[in-house]
Amino acid sequence: MNFRKLLSSHRFAAVVAITLISAVLAIALDRAPGTRVAMGLADHVFYDWYYRNRPIESQLNGDVVILAVDQQSLSQIEDGFEFGWPWPREYWALLVEHVERAGARAVVFDILFSEISARGLDDDTIFASRLDETSIPVVFARTITSRGEWGRFRPPVSRAVTFGGVDVTSEKVYRDFIPQRHGKPSVALAALQSAGITSRLDVSRGFLLHYYGPHRSATGEPTFPAWSASSVISAAVSPPEVDFGIKPEWFKDKIVIVGTTAEGLHDIKAAPNAPKIPGVEVQATAIANMLAGRAAWPVPAVVTALVALTCAALTAVGTIAIRAAAGKAATVATLAIAIVIVGYLLFDRSTIIWLSPTTSLLAIVIAAILGISWSYFLEDRQARLLLRALETCLSPGVAAELAENPRQLAVGGRQLEMTVMFTDLAGFTSLTEKLKEKIEPALNYYLGEMSEQILELDGTLDKYIGDAIMTFWNAPLSQPDHAQRACSSALAIRRREREIAPEMAALGVQDTITRIGINSGSMFVGFTGSQRKLNYTVIGDAVNLAARLEPANKLYDTQICVAESTVTQARDRFLFRKLDLLEVKGKTEPIAVYELMGEIEAESGPLGRLRRDFERALEAYLQQNWDAADSILLELATEFPEDGPSKMLQRRIGEFREAPPPSDWDGVYHATTK
């Protein structure tokens, strides 16, 4: 990524424009009436996910205790007292008396007493009279009408009690909490007021609940201390020595809130951290929040806007300054993941900070679309033009990869370690004279078939020179195995020309032989030429050597001549035979020349035996041990009578027997033609 170039060019203006457009558009969509609901739903997804992944903060030692009408309570009262639900209201008075003796600070009923007791008026009267004899602060739940008036409350209580509203949110999922409606307190706020406690949260407006955990953990542990209401009632009517497991110290200086938790009693709510949570636990959470001054604090709107602006800016920089498509995608993905993680880390603190990632994610998406579009339509134009010029000489796989990211195509030249291959059709000049105008379909068919073998190995077709093909590997895309690809391509060409022999014969070409020269080395690759015509090619001394190796096949009656630099990189996959020490035309330094015989598996067969015996003969020849070399070659002639290199070596030995080499002979053969 070139930031200096970014800041000193028109790219900077593009980054600024894309940043502002993306951020403003994302913020506007978050505020617009038509999209606000959808953005809110997205916010809820993240908000709830963050909550579900928060660790549980146990309230077992907190200031709020729940007495639950759970399934155990329903069964225990029905079995022990032979009363089904709803229970006699006198039992609630027994419960109040018991927790008052234990030193509770206040009792809160999150149960509506809006109708006359199912046991009759006497039950309400007894309940009220016994309650009048207590002094502990008591809060009763009531509904609040649309006109802001209290709903009905049936027990004829004479003593002062406090009422609290049960309508505490405007959502189906209890994320927020409204402490008071129409000037009337909620059950939770009334609990604090009755106990003489001032809320540490601003109760003039709603707040986001700070949930401490689900109703129960995965291991069954409750978040708030909760005991069955039936056990307290049973303890209240039993001798002191029978406590039903209820300890007075559990209620000492606590706010005791009574409510239903059994699902059949229809007071089950939905919370962001749990799909099912008893309504009484929502009230308990609100009480604990107001006691401790804890809530989930949303960041100010200006902070959300600044974060969205920052995300848009980083996305614009990444999609414009980074050249590779994978890099662009990685930038966008990293930023999106990062803003979600930052939001989670803020939410996971002991003090919950709620930073909605939705607006920032939308800004990232918009900036990514604009940045990639700008880059594609303006920045990549030159690379795409060059790519079009290369499409006819690249394999589909390489072309597809470059099309995915045109900037992988370097516009300037580079010096690389590469492999280059030259092929030539033997006897083409005489064929042209023989076939005249009929040579065109034959040549086109031949070149097409041979080119396919090259493209299958992702070679880059440099040019056609009559019947010759020039090809290279390791550009425009990196191919560390370039030498092996070239050798595989050469063997594929040899196989294919045998397979298409009938088709070539029908076109007038008999016994086609393709001579091939391969060399690896440092080469310059890039676009060369003029403003009117460019060619993506390789040049250099290593290229010239490969061009000389192709006609060297005539010296040895071989088909594929390979330089030692290629053999070094590919000998573990292919079978090579050392042919000679050769000084090609135009060179002063001799090189070892090899024949590519086949795949490495051929080493265990006749070709392997031919290679070993021939190289023994070559070694004897280089030591001027003519008899030993001749003896080996005569044996080879019996099994391989058509082997060209063996015949060549025999001819040379015969010539040296008649005219021995000079005393300083180094075994090098000096080619006099290309």
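Of the listed values (i) 27.0, 90; (ii) 45.0, 142; (iii) 33.7, 106, grab the one calculated as Rg and Dmax of the Cα atoms in Å from the structure here. Recomputing Rg and Dmax of the Cα atoms in Å here picks out (ii). The local environment of D557, defined by Cβ-Cβ distances under 11 Å, has a net charge of +1 under the rule Lys, Arg +1 and Asp, Glu -1.
Students often get this wrong, so check it: of K554/K647; K172/K276; K184/K276; K578/K647; K438/K463, which have C-alpha atoms separated by over 20 Å? Long pairs (Cα-Cα over 20 Å): K184/K276; K438/K463.
Ranking P185, A542, G245 by how far each Cα lies toward the positive end of the dipole of the chain (charges on Cβ) leaves P185 at the top.
Using C-alpha pairs below 8 Å separated by at least 6 residues, the relative contact order for the range 64-295 is 31 percent. Our Cα-only numbers for the range 605-669 put the radius of gyration and Dmax at 11.8, 39 Å.
Of all DSSP-defined beta bridges confined to the chain, some 60% are antiparallel rather than parallel.
Charges were assigned to the Cβ only: +1 to each Lys and Arg, -1 to each Asp and Glu. The resulting dipole of the range 64-295 about its Cα centre is roughly 1000 debye.
Could you state the angle between the C-alpha long axis of helix 606-622 and the longest principal axis of the C-alpha atoms of the chain, as a value from 0 to 90 degrees rounded to the nearest 10? Once rounded, the angle reads 50 degrees. Dipole of the range 1-144 computed with +1 at Lys/Arg Cβ and -1 at Asp/Glu Cβ about the Cα centre; of N53, F109, S73, farthest Cα towards the positive end is N53. Each of A229, P641, V340 was placed along the dipole of the chain (beta-carbon charges, centred on the mean Cα), and the one lying farthest toward the positive end is V340.
Quick one: dipole size for the range 223-349, taken about the Cα centre, charges +1 on Lys/Arg Cβ and -1 on Asp/Glu Cβ, in debye to the nearest 20. Provide the component values of the computation, followed by the final result.
Values: 9 positive and 8 negative charges, 149 e Å.
Here the size comes out at about 720 debye.
Based on C-alpha pairs under 8 angstrom that are at least 6 apart in sequence, the range 605-669 has a relative contact order of 29 percent. The value of relative contact order for the chain, using C-alpha pairs under 8 Å at least six residues apart, is 11 percent.
Running Debye on the range 11-90 with equal point scatterers at the Cα sites and no solvent, what base-10 log of I(q)/I(0) appears at q = 0.22, 0.24, 0.27 Å⁻¹? For the requested q values the scattering log ratios are -1.02, -1.08, -1.16. Taking Cα centre as origin and charging only the Cβ of basic (Lys, Arg, +1) and acidic (Asp, Glu, -1) residues, the dipole magnitude of the range 96-182 rounds to 220 debye. For the range 425-461, the residues whose amide N sits under 20 Å from a probe point set 7 Å from the Cα of Q510 along the beta carbon direction are 425-443, 446. Stokes-Einstein diffusion for the range 64-295, with the hydrodynamic radius set to the Kirkwood value over Cα pairs and evaluated at 20 °C in a medium of 1.002 mPa s, equals 120 µm²/s.
The numbers here are math on the coordinates, done by the rules we state, and not lab data. This structure is a prediction, so every number in the text was calculated from the model and none was measured. Virtual Cβ from ideal backbone geometry, glycine too; neighbours counted across all protein chains shown.
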